[in-house]
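The block underneath contains the structure these notes are about, expressed in structure tokens.
The values are calculated or read from the model by the stated rules, or taken from the named source; none is laboratory data. Since we're looking at a predicted model, the values are computed, not measured. All Cβ positions, even for glycine, are placed from backbone atoms using ideal geometry, and neighbour counts span all protein chains on display.
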Amino acid sequence: MTNVQPSMRLKLQKGTFFMPEPSGSVYFRNNAGSFRMEGSTIHQWIEKLIPMYNGEYSLENLTEGLTKPYRDRVYEITNTLYTNGFLRDVSHDLPHELPSHVVEKFASQIEYIESFSDSGAYRFQQYRQKSILVVGEGSMLIGLVSSLLTSGLPRFQTLLTDEKTNPQRIKQLETAARKSDPEVSIEVLVKRGPIAWERQIEPFDAILYVSSEENVQELRSLFHACKERKKLFLPAICTKGVGMAGPLVTPDSGCWESAWGSLHEPQNTGSFSPPAGAMLANMVVFEWFKKSTGIPVLSNNQAFLLNLETLEGKWHPYRPHPLVSGKIEVDKVSKEFSEQKKKDPNKLLYYFSQLTSELGIFHKWEEGELSQLPLAQCEIQAVNVKPSGSSMLHPSQISTALTHEEARRDAGLTGIEEYVLPLKEEIISSLPSPFEKATYSETDLHIGAGETFVEAVSRALQTSLEEEWNQKADQCMEGICRFAPQHVEDNTCRYYLKVLTTMQKVPDLALGNDTHGLPVVWRKAQDNRWYGSVGMTLELALRRALLQAVKEAQNKTISAALSFSAIPVEDKPIQSIDVPVYDANDQATVLRSVINRFEQQNKELSIVKINLETFKKDGAIDIYGVLLREGETT
């Protein structure tokens, strides 16, 4: 079945390369792909046909007068090239009215458009008719004007926000460009005093802004005016030792405030230079050119970051900032639940990798130089959505587990919980009825993230247990007895004990309870202080205690957790305790039993689902909050 018709006028796609091979076949390649055409005489056919694929001749013209076998062969070769994306049909291109000298001067721009879509000349004509306002100062503005003229835009208005910027340089660029493009005309205005931006931008299709002077407030005012008037906005600024171009803000998508709020602490101390400004200006014009000519662009939720010292740059995705979007939805959920199947673990790890960038949720999510024996370790450092002072980041944490996958997974979930943690006030204020928001404090809310409801709520509840333990540990000093694990059926506990035995650092252990009657495993660390680990079951409490012991031995550190120089251990022989296996499939059962225990103790426990726009569309994780406080006495 053929995809080509006699009326088609076919043109070879830009960037096509072909080469005859010793076997007689011909190899084709372009930016879309590659393939081979085989046949004893295929090279001769290609040599004859390629020059004819210039968009001037229809297939009917090309095959006129040929015998049927030859005509069929031309159709066969043409169909193969067309189907594989090496030819395009220009017979349906929209007509244009560009002068011949413009088509010749900007042929590369038109060909670039045609490599992605049809009607290249018509689209370029539409681009030249756009009305834009260029705002900025200094060498970056000069570079932006030069880049716009090079792109083929003949007319635009320039607003200088700094009187130090030399308008004569802009006039020189205008005069030079007019020699080959008579339509060039640049109107130059100078900002004198405050500007009503909403009125200033009204006549224009798009606003381009550049600044090397860290004029963040001016940029912010212009951004909000563009959002209000539904104008396309594309900025570039140098600040904090980094250059940032974008994001592209349209009436439907893109948010400069979210991108700016997601910018991490710079890792370099580079300062602005004219080459850096020129690179950012070129990036702004290129993205504007693609957007206005219908060429597919990167997601609007990306910004380009340039290292001002090395001049290395890359596009980075960012997510809606929860304090900018203001969209925090909280729904109460039932405490009746069933276990859900976990998703593909590789997908979750890939998802975490997508959250890690210079504009991402995670600043670090990596093994780095951490020791990976006897346990795997992963460092996580999340962005602080409510930074205090100059710090944009939470302190880094280290997750430790049996395997690299488990360590990276736990680190990722911990990072998301850290990211959401500063939003407790906003979450409580978003509680639905019948919650009485005024009666809840931030200490009542505990955050958990997970692939499933059970996992997320379990992590939130574990956090609440640990926080309460840190406050009330001194009230749990009765009934503590020494013990030694005897028959250890739990594989994880058994491995931790084996590691500690090999390292000759098996701690003294004791068993007690917290204020809820849940097990607490005490361990005597290398600093001769006692640390308590609370868990929902004995196995989980022992896991946490032994894991911390291995982690300290492996990293040669001392825990900063709550500790005591001595605890009142009962004067009894050391008990031998069997440690049953803990199956992850029992997580729902364990969670239900703990919730029931709290309710029996007159605790008021509620579970809410937290929906942040930052994560809402992903569907990769769930974030839940557990509200736990003393119930009302009757």
Name every residue in the stretch 108-124 that is surrounded by fewer than 17 Cβ atoms within 10 Å (Cβ to Cβ), part of a helix (DSSP H, G or I) and not acidic (Asp, Glu), in order of residue number.
108
Go through (1) in contact with a Ser or Thr (Cβ under 8 Å, 6 or more places away or on another chain); (2) under 25 Å from residue 128 (Cβ atoms) one by one and return the number of the condition residue 29 breaks.
(2)
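Are any residues in the stretch 513-523 of a type outside the set (D, E, K, R), in contact (Cβ under 8 Å) with a residue 40 or more places away in the chain and either out of contact with any Cys (no Cβ under 8 Å at 6 or more places or on another chain) or farther than 27 Å from residue 556 by Cα (or both), and if so, which ones? Explain how you work it out, then say what you get.
Just the residues of the stretch 513-523 that are of a type outside the set (D, E, K, R), to begin with: 513, 515-522.
Checking the rest, the ones that are also in contact (Cβ under 8 Å) with a residue 40 or more places away in the chain come to 515-518, 520, 522.
Correct list: 515, 516, 517, 518, 522.
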Would you mind telling me which numbered condition in (1) crowded, with 17+ Cβ neighbours inside 10 Å; (2) in a loop (DSSP other than H, G, I, E, B) residue 281 fails?
(2)
Look through the stretch 405-442, keep the residues that are within 29 Å of residue 264 (Cβ to Cβ) and loosely packed, with under 15 Cβ neighbours inside 10 Å, and return whichever of them is nearest to the chain's Cα centre (by Cα).
425
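Residues are listed down the side, and each one gets a yes or a no for (1) basic (Lys, Arg); (2) modelled with pLDDT under 85:
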site	(1), (2)
494	yes, no
514	no, yes
520	no, no
543	yes, no
551	yes, no
560	no, yes
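Can you tell me which residue among 577, 610 is in a strand (DSSP E or B), of a type outside the set (S, T, N, Q), touching a helix residue (DSSP H, G or I) at 6+ places or on another chain (Cβ under 8 Å) and at pLDDT 85 or above?
Numbers: 577 fails: at pLDDT 85 or above.
Selected residue: 610, the only one of 577, 610 that is in a strand (DSSP E or B), of a type outside the set (S, T, N, Q), touching a helix residue (DSSP H, G or I) at 6+ places or on another chain (Cβ under 8 Å) and at pLDDT 85 or above.
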Of everything in the stretch 68-107 that's assigned to a helix (DSSP H, G or I) and of a type in the set (Gly, Ala, Ser), which residue is farthest from the chain's Cα centre (by Cα)?
100
Residues located in the stretch 364-384, provided they are closer than 16 Å to residue 421 by Cα and either touching a His at 6+ places or on another chain (Cβ under 7 Å) or aromatic (Phe, Trp, Tyr) (or both):
381, 382, 383, 384
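Identify, please: which residue in the stretch 414-471 is assigned to a helix (DSSP H, G or I) and of a type in the set (Ser, Thr, Tyr) and is, among those, modelled with the lowest pLDDT? Before the answer, list the steps.
Within the stretch 414-471, the subset assigned to a helix (DSSP H, G or I) is 414-429, 437-439, 442-444, 453-471.
With of a type in the set (Ser, Thr, Tyr) added as a condition, the list becomes 414, 419, 429, 439, 443, 458, 463-464.
Numbers: 414: 96, 419: 94, 429: 88, 439: 80, 443: 85, 458: 92, 463: 92, 464: 91.
Within the stretch 414-471, the match that is modelled with the lowest pLDDT is 439.
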Do we have residue 563 as loosely packed, with under 13 Cβ neighbours inside 10 Å and more than 34 Å from the chain's Cα centre (by Cα) here?
no
How do the pairs read when you match residues in the stretch 361-378 that are closer than 23 Å to residue 265 by Cβ and without any contact (Cβ under 8 Å) to a residue 24 or more places away in the chain with residues anywhere that are of a type outside the set (Gly, Ala, Ser) and part of a strand (DSSP E or B), using Cβ under 9 Å and keeping only pairs 6 or more apart or on different chains?
366/356; 366/378; 366/379; 366/380; 368/377; 368/378; 368/379
Considering the stretch 359-387 alone, what residues qualify as being over 23 Å from the mean Cα position of the chain (by Cα) and at pLDDT below 90?
369, 370, 371, 372, 373
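Restricting to the stretch 605-631, give me the number of residues that are aromatic (Phe, Trp, Tyr) and surrounded by fewer than 16 Cβ atoms within 10 Å (Cβ to Cβ). Quick ask: steps written out before the conclusion?
Here is the first cut: in the stretch 605-631, the residues aromatic (Phe, Trp, Tyr) are 615, 624.
The next check asks that each one be surrounded by fewer than 16 Cβ atoms within 10 Å (Cβ to Cβ); those that pass are none.
Residues flagged as aromatic (Phe, Trp, Tyr) and surrounded by fewer than 16 Cβ atoms within 10 Å (Cβ to Cβ) within the stretch 605-631 amount to 0.
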Does residue 75 satisfy the criteria of being in contact with a strand residue (DSSP E or B) (Cβ under 8 Å, 6 or more places away or on another chain) and among the hydroxyl-bearing types (Ser, Thr, Tyr)?
no
For the condition closer than 26 Å to residue 276 by Cα and without any contact (Cβ under 8 Å) to a residue 24 or more places away in the chain, what is the one hit in 175, 165, 158?
175
Would you confirm, using the coordinates I've provided, whether residue 207 is touching a Lys or Arg at 6+ places or on another chain (Cβ under 6 Å) and either surrounded by 14 or more Cβ atoms within 10 Å (Cβ to Cβ) or of a type in the set (Lys, Arg) (or both)?
yes
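So which residues in the stretch 298-312 are buried (at least 16 other Cβ atoms within 10 Å of the Cβ) and either aliphatic (A, V, I, L, M) or more than 11 Å from residue 246 (Cβ to Cβ) (or both)?
Pass one, the stretch 298-312, residues buried (at least 16 other Cβ atoms within 10 Å of the Cβ): 300-309.
Selection gives 303, 305, 306, 307, 308, 309.
Please pick out the residue among 328, 398 that is modelled with pLDDT under 90 and in contact with an Asp or Glu (Cβ under 6 Å, 6 or more places away or on another chain).
Working: 398 fails: modelled with pLDDT under 90.
Exactly one residue qualifies, and that residue is 328.
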Taking the criterion of being part of a strand (DSSP E or B) and of a type outside the set (Gly, Ala, Ser), would at least one residue in the stretch 489-502 satisfy it?
no
So which of 94, 81, 66 ends up being modelled with pLDDT under 90, under 15 Å from residue 54 (Cα atoms) and among the aliphatic types (A, V, I, L, M)?
81
Subset of the stretch 524-539, residues in contact (Cβ under 8 Å) with a residue 60 or more places away in the chain and hydrophobic (A, V, I, L, M, F, W, C), comes to 534, 536
Answer residue from the stretch 240-250, given it is closer than 16 Å to residue 297 by Cα and modelled with pLDDT of 85 or more and is surrounded by the most Cβ atoms within 10 Å (Cβ to Cβ) among those:
247
Give me a count of the residues in the stretch 26-60 that are touching a residue at least 12 places away in the same chain (Cβ under 8 Å), over 25 Å from residue 5 (Cβ atoms) and within 39 Å of the chain's Cα centre (by Cα).
3
